[in-house]
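Down below is the structure, laid out as structure tokens.
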Amino acid sequence: MNIMKKISLALALCCASFYSMADQLPLGGFSYGPVEAPTGKEWESPESLALNKEQPHAYIFPFQDVESARKVLPENSRFWQSLDGDWKFNWAPDPDSRPKEFYKTEFDVSGWDNIPVPSSWNIYGVQKDGSLKYGVPIYVNQPVIFLHKVAVDDWRGGVMRTPPANWTTYKHRNEVGSFRRDFEVPQDWDGREVFISFDGVDSFFYLWINGQYVGFSKNSRNTANFNITPYLRKGTNVVAAEVYRSSDASFLEAQDMFRLPGIFRTVALYSAPKVHVRDLIVIPDLDAAYTDGSLAISADVRNLSKKAAKGYKLAYSLYANKLYSDENTKVDNVAASATVEVVNPGQTRTTQALLNVKAPNKWSAEFPYRYTLVAELKNAKGKTVETVSTIVGFRKVEIKDTPAEEDEFGLAGRYYYINGRTVKLKGVNRHESNPAVGHAITRDMMEKEVMLMKRANINHVRNSHYPDDPYWYFLCNKYGLYLEDEANIESHEYYYGAASLSHPAEWKKAHVARVMEMVHANINNPSIVIWSLGNEAGPGENFVAAYDALKLVDKSRPVQYERNNDIVDMGSNQYPSIGWTRGAVKGDYDIKYPFHISEYAHSMGNACGNLVDYWEAIESTNFFCGGAIWDWVDQSMYNYDKKTGERYLAYGGDFGDT
């Protein structure tokens, strides 16, 4: 069988599996099938979101046994292999200047520079003499970095329009980074399906394996997984990624931050058996007394073999983690199982199970007790063919209409509860930003941030304005931070009127997909207590569609979106005055309660001196559940004085960016 026929058969099987017998509806804008080469138009086609990218699923991995699965993190699996490290790299100021055939295996990249992955190439290119080797870091608040105007359908002009001559993007119209490296697949993966995952690429990339075009992905802050099995060969393999700084995706990624292109999160390989657990969703619940708990477990089993999978079942066991520890012990007399109906080739079957637990330790920011759920997929002979796991926590988030006699302040109202108690979310907005590495935050940096937050009595973080690195959720689950997880959507450049991208039908798929990629990936994290549809992106019908899609998958958490409180579960706004807040907390304003201030006390260069006035008001009733300061860390990057060589913290404009 020639390579194209092999690829066609494999992709047909994968494509069919997304549509057969599974509860999850495939996301619009995701295409499947063999394509010999890109057209070059993919990065300016808003309705085309991905080619041959896996449908999103929870952040789970196959492990070799239960002992390894209990450790949860992928580096504990022999079926996971990091591709982080040095890659060969070429920087081009615009698409026409890129090495167009670099993906071919015979193309010689030995003379190229090395660049670490993960990294933000603008920041890695900052030299100690103050020169910029790989383009210019650009900081903007509301606009995009390419020419545009606030007008209906302006987006149709694309990202390559000629800006004024003094703009950074006049000369560097749309930077392109070409990445290549070799890798080998472990021998004990033979006969398994092999996937490659990119946890974060800004803002668009094409992917090739061994010179064969695999596909593309948009949405820079959710994992992109590709099944690369049909493209692999024995021995050395070559992966090539072509990354574009600007694309139609950039219209939805106009967050208030340095706009930094690159492969800025982990790249890895992982493998699964032909019949495997494609997705695992676990929704906790507590009884009316908030004493006993349950886990509603939904698992998708996919068959990528050529034979029907008969007689399979899933067996679940639960392990209790020590507080603030990854050590865990089995919970006795607690188990569940699910029978898997016949899974024909190319099909996915969804199974359901309920696991009940008497008086589990509850998860909260104060006492973040975690459990590890292990799932074993067994064949008809009872042999375990795959083991996967996920962190869970027994906690319940509710919005309840509360009579006056049940409220500590004697006021009837609609309040926010966690585990049956009203809470105050004392939070910050947090960008993934560090002056040394840009957006390529390391695990050590994240851990230090969490420890500093805990010391400062911060119990809440709004992930602004996108889903974060997977390890961030692991830490917040472990140490106890209440998260508002926010979709990677901000189209602030068009504001909130008729020009907003929340209105055009051409942008509906992108809005829905960005919300659902977040939800599917992060749904099992107990630290997430609020979903957000995005930030500063208009009030239109595209967000209604995103909300409806989210609620089909998860009804266990409330949804917030400050640009249209009418369509979500709780109210929010930004930068209210202290006077307004003092009135609103009484519960009789015409706003949606409970209320969360998504941004306030703007601290970029300021001292937050009037926090006490806000919090005297917020804590005087339960109508407001809290708020998040803007923002956690000043967004600055290290630069070097061209005359003295002294390193300093540079802000927007300090790199000559205009």
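The values are calculated or read from the model by the stated rules, or taken from the named source; none is laboratory data. Nothing here was measured: the structure is a model prediction, and the numbers come from that model. Cβ: placed from backbone, ideal geometry, glycine included. Neighbour counts: every protein chain shown. Quick note on the areas: whole protein, heavy atoms, side chains included, nothing else; ligands and nucleic acids left out. Shrake-Rupley method; radii C 1.70, N 1.55, O 1.52, S 1.80 Å.
Details
- Stokes-Einstein diffusion coefficient of region 130-251, Kirkwood radius over Cα pairs, 20 °C, 1.002 mPa s, in µm²/s: 127
- Difference of contour (0.36 nm per residue) and Cα-Cα distance, residue 551 to residue 65: 171.5 nm
- Stretchable slack from residue 641 to residue 398, in nm (0.36 nm times residue separation minus alpha-carbon distance): 82.2 nm
- Within region 278-352: Cβ-based charge dipole about Cα centre, in debye rounded to nearest 20 (Lys, Arg +1; Asp, Glu -1): 680
- For the chain, the share of accessible area belonging to carbon and sulfur comes to 50 percent (1.4 Å probe, ligands and nucleic acids excluded).
- Solvent-accessible heavy-atom area per residue, rounded to whole Å², over region 35-106 at 1.4 Å: 45
- Cα shape, region 398-484, gyration tensor, a/c 1.5 rule: prolate
- Per residue, the convex hull spanned by the Cα atoms of region 202-293 amounts to 189 cubic angstrom.
- Put simply, the convex hull of the Cα atoms in region 273-395 casts, on average, a shadow of 7.8 nm².
- A simple spin-label model places pseudo-atoms 7 Å from Cα toward Cβ; at residue 436 and residue 649 they are separated by 1.5 nm.
- 222 nm mean residue ellipticity, helices alone, for the chain (DSSP H n ≥ 4; -39,500 (n - 2.57); rounded to 500): -4000 deg cm²/dmol
- The mean sequence distance of close C-alpha pairs (under 8 Å, at least 6 residues apart), as a share of the length of region 129-276, puts its relative contact order at 33 percent.
- Close Lys pairs in region 31-162, defined as Cα atoms under 18 Å apart and 8 or more places apart or on different chains, number 5.
- Three-way shape label, region 500-658, alpha-carbon gyration tensor, a/c 1.5: oblate
- In this structure region 325-454 gives 45 Å² per residue of accessible area when probed at 1.4 Å with all protein chains present.
- Using distinct alpha-carbon pairs, which all enter the 1/r mean, Kirkwood radius of region 58-212 in Å: 19.0
- Take every pair of alpha-carbon atoms less than 8 Å apart whose residues are at least six positions apart; their mean separation over the length of the chain yields a relative contact order of 15 percent.
- At 1.306 mPa s and 10 °C, Stokes D of region 37-94 from Kirkwood alpha-carbon radius, µm² per second: 102
- Note on region 146-291: with charges restricted to the Cβ of Lys and Arg (+1) and Asp and Glu (-1), its dipole about the Cα centre is near 660 debye.
- Only the Cβ atoms of Lys and Arg (+1) and of Asp and Glu (-1) were treated as charged; on that basis the dipole of the chain about its Cα centre amounts to roughly 1840 debye.
- Label-to-label distance, nm, for residues given as residue 113 and residue 588 (7 Å Cα→Cβ offset): 6.4
- Global geometry of region 486-580, whether rounded, prolate or oblate, following the gyration tensor of its Cα atoms and the 1.5 cut on a/c: oblate
- Inter-part distance where region 419-443 and region 590-642 are each reduced to a Cα centre, Å: 13
- Candidates 412, 466, 442 compared by Cα position along the dipole of region 393-467: farthest toward the positive end lies 442, with charges placed on Cβ.
- Computed lengthening from residue 456 to residue 443, 0.36 nm per intervening residue step minus Cα-Cα distance: 2.7 nm
- Peptides 352-358, 527-533, 394-400 ranked from most to least packed by the mean count of surrounding Cβ atoms within 10 Å: 527-533, 394-400, 352-358.
- For region 586-639, the Stokes-Einstein estimate of translational diffusion at 25 °C and a viscosity of 0.890 mPa s comes to 192 µm²/s, using the Kirkwood hydrodynamic radius over alpha-carbon pairs.
- When the alpha carbon gyration tensor of the chain is reduced to an equivalent ellipsoid, its three semi-axes come out at 36, 35, 22 angstrom, largest first.
- Given charges at Cβ of Lys, Arg, Asp, Glu: the chain dipole, positive-most of 640, 311, 72: 311
- Computed from label points 7 Å out along Cα-Cβ, the spacing between residue 342 and residue 152 is 5.5 nm.
- Note on region 508-658: Lys pairs 8 or more places apart or on different chains, Cα atoms under 24 Å apart, count 6.
- Sorting the segments 614-626, 144-156, 277-289, 634-646 by their residues' average number of neighbouring beta-carbon atoms within 10 angstrom, most packed first, yields 614-626, 277-289, 144-156, 634-646.
- Here region 332-422 carries DSSP beta bridges of which approximately 95% are antiparallel, counting only pairs with both residues inside.
- Selection from 335, 320, 359, by position along the positive dipole direction of region 301-362 (Cβ): 335
- Remark: region 505-621 carries 34 Å² of accessible area per residue (probe radius 1.4 Å; ligands, DNA and RNA excluded).
- FRET efficiency for the pair residue 606 and residue 358, taken as 1/(1 + (r/R0)^6) with r the Cβ-Cβ distance and R0 = 41 Å, rounds to 0.25.
- For the chain, the share of DSSP beta bridges that are antiparallel, to the nearest 5, is 80%.
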